[in-house]
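One structure is given here, and the rest of the page talks about it.
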Amino acid sequence: MSFMENLIMALSSLKAHKMRSILTMLGIIIGVAAVIIVVAIGQGGEAMLKTQITGSGNTIEMFYQPSDEEMKANPNVFLQAPFKQEDIRALEQIPEIKRVVASSTKLSQARFQKETSDVSTTGINQSFLKLNKLKVTKGRNFSASDFLGGRRAGIISNKMQDELFKGDNPVGKIIMVANQPIEIIGVLEKPTGLLSFGSMEVYLPFQTWRNMYGSSDYTQVTLQAASAEQLQVAGKKAARLLNKMHNTEKSYQVINMEEIAQGIGQVTKIMTLIIGSIAGISLFVGGIGVMNIMLVSVTERTREIGIRMALGATRGQVLTQFLIESMTLTFIGGILGIFLGWGTATIVSFFAGWPSLVSWEVVLGGVLFSMVIGIIFGLLPANKASKLDPIESLRYE
C-alpha cells in the first residue's frame with residue numbers, strides 16, 4: 001500500500017471520529033501554541049528592552065565616579081555637574097566621535113494659573129534632537145533658531161499637559177518654571193513600551209536653561225561613534241581626554257550601553273528557553289493522549305486488522321498504516337497550534353507595545369517536534385497492531 005493510500009485511510013479514520021480526534025489533537029495544539037507564544041513574546045520583549053537601553057545605536061554613556069581623594073578634598077563633589085562646556089568642545093574634536101549629546105536636568109516647580117506641579121526641566125543641545133527624537137504630537141519641535149537665540153520656549157510631556165492643563169491644548173500658552181516664563185511650543189506623544197513611564201518633563205534649549213539657572217555645566221553626556229567598530233576606541237579616547245583635562249586618573253569612564261543590552265539579552269534568552277521548555281512539556285502530555293487514543297483505535301479495529309492481514313497485508317504495512325495515522329493526527333494539531341500561537345503572540349505584543357517576533361525556526365521546530373511525538377508515541381500502538389494474530393483478530397467481536 002502506498003503512502004497516499006495510507007494517508008487517505010488515516011484521514012478517513014480521523015473523520016469518522018471527529019470529536020475524539022479533536023480532543024486528542026487539543027494537547028498538541030496547546031503545546032505547540034504555548035511554545036510559539038512564549039518564544040515570540042520573549043524575543044519581542046528582549047528586542048524592545050535592547051532598543052530602550054541602547055537608543056539609536058552606536059552610543060556610550062559617560063559618567064563621573066570621583067576617587068576617595070577627590071571626595072575628601074570636596075565633600076560636595078556629587079552636587080556639582082561633572083561636565084563643563086570646554087569638555088563638550090574637546091570631545092567633539094575626537095575623530096571617532098560623530099556627535100556629543102549633552103543635557104542638564106534640575107527639579108523645579110511649574111505653574112499655570114492656579115495649578116502647580118513639580119517637574120523635571122532638561123536643557124538640551126542640538127545633537128540631543130538628532131540622537132533622541134522628541135516626537136511631538138501638538139505644536140512643533142525645536143528649530144535651530146531656538147537653540148542659537150536661547151528663546152524661552154519649551155516642549156512638555158503628555159503627562160504634564162494632563163496635570164497642568166487638564167487635557168486642553170497648551171501650545172502657545174505661558175507657564176512659569178522656576179519663576180521664569182516659558183512659552184509652550186509643543187507636546188510630546190504619550191510614551192509606550194516596556195520601559196515607558198509617564199513623567200512631568202519640560203525640555204528647553206540649553207542656552208535658555210543656562211540663563212534660567214545660571215549654570216553652564218552638563219549633568220549627562222552621551223557619545224555617538226561614527227560606526228560600531230569605532231565605539232570602543234571613541235570611549236577610551238573620551239575617558240582618557242577628560243581625565244587628563246580634570247587631572248584625575250579613572251574618575252571619568254564610559255558605559256557601553258550595547259554591551260549592557262547584550263548582557264540583559266542573554267538573561268532574557270535563558271529565561272525564554274527555560275519557560276519555553278516548561279511549555280514544551282505539554283507536548284509530551286499531548287503525545288501521551290495520542291498514544292492512548294491510538295491504542296483504543298487498535299482495539300476497536302482488531303477485526304479490520306485481521307481481515308487486512310488475511311488478505312496478505314504484511315506486518316510492516318500494518319505498522320506503517322498506524323504510524324502514518326498517528327503522525328497525521330499530530331501534524332494537523334501542530335499546524336493548528338501554529339495559527340493559535342501566532343495569533344495569540346501578535347495580540348499580546350500589540351497590547352504590550354513591543355514587536356511580535358515569531359521565529360520561523362520555532363514554527364518549523366514545533367511542527368517537526370509534534371510529528372516526532374506522533375512517531376514516538378504512535379510506535380507502541382502501531383507495533384501492537386502489527387503483532388496481532390490474524391486468526392484471533394478475525395474472531396474478535
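The values are calculated or read from the model by the stated rules, or taken from the named source; none is laboratory data. No experiment lies behind these values; they were computed from the predicted model shown. Positions of Cβ are generated from backbone atoms using ideal geometry, with glycine treated the same way; all protein chains shown enter the neighbour counts.
Here Tyr64 clears all of (1) closer than 16 Å to Gly235 by Cα; (2) modelled with pLDDT under 80; (3) of a type in the set (Ser, Thr, Tyr) except the condition numbered (2). Which one is farthest from Pro205 (Cα to Cα), of the residues in the range 144-183 that are under 34 Å from the mean Cα position of the chain (by Cα) and part of a strand (DSSP E or B)? Ranking the qualifying residues of the range 144-183, first place goes to Ile156. Residue count for the range 302-313, restricted to those that are surrounded by fewer than 19 Cβ atoms within 10 Å (Cβ to Cβ) and aliphatic (A, V, I, L, M): 4. Considering only residues that are at pLDDT 75 or above and farther than 19 Å from Ile29 by Cβ, look in the range 338-359 and name the one that is nearest to the chain's Cα centre (by Cα). Per the criteria, the residue is Ser349. For the range 65-110, the set of residues classified as loosely packed, with under 14 Cβ neighbours inside 10 Å and assigned to a strand (DSSP E or B) consists of Leu107, Gln109, listed by residue number. Conditions: (1) polar (S, T, N, Q); (2) over 25 Å from Gln224 (Cα atoms); (3) not in a loop (DSSP other than H, G, I, E, B). Thr208 meets all but one. Number of the miss? Thr208 satisfies every listed condition except (2). The lone criterion from (1) surrounded by fewer than 16 Cβ atoms within 10 Å (Cβ to Cβ); (2) at pLDDT below 85; (3) assigned to a helix (DSSP H, G or I) left unmet by Ala261 is number (1).
On inspection, Lys130 passes the criterion of being surrounded by fewer than 16 Cβ atoms within 10 Å (Cβ to Cβ) and either on the phi < 0 side of the Ramachandran plot or in contact with a strand residue (DSSP E or B) (Cβ under 7 Å, 6 or more places away or on another chain) (or both).
One line per residue, one yes/no per condition, for (1) within 17 Å of Thr208 (Cβ to Cβ); (2) of a type in the set (D, E, K, R):
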{"site": "Lys114", "(1), (2)": "no, yes"}
{"site": "Phe128", "(1), (2)": "yes, no"}
{"site": "Leu134", "(1), (2)": "yes, no"}
{"site": "Lys138", "(1), (2)": "no, yes"}
{"site": "Phe142", "(1), (2)": "yes, no"}
{"site": "Arg151", "(1), (2)": "yes, yes"}
{"site": "Lys190", "(1), (2)": "no, yes"}
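Take Met48 and tell me if it is assigned to a helix (DSSP H, G or I), closer than 23 Å to Leu134 by Cα and modelled with pLDDT under 75. Yes: the conditions hold for Met48. Flag set for Met291, criterion: modelled with pLDDT of 75 or more and either under 30 Å from Ile373 (Cβ atoms) or aliphatic (A, V, I, L, M) (or both).
Within the range 314-331, is even one residue surrounded by fewer than 20 Cβ atoms within 10 Å (Cβ to Cβ), modelled with pLDDT of 80 or more and under 52 Å from the mean Cα position of the chain (by Cα)? Yes, the conditions are met somewhere in the range 314-331.
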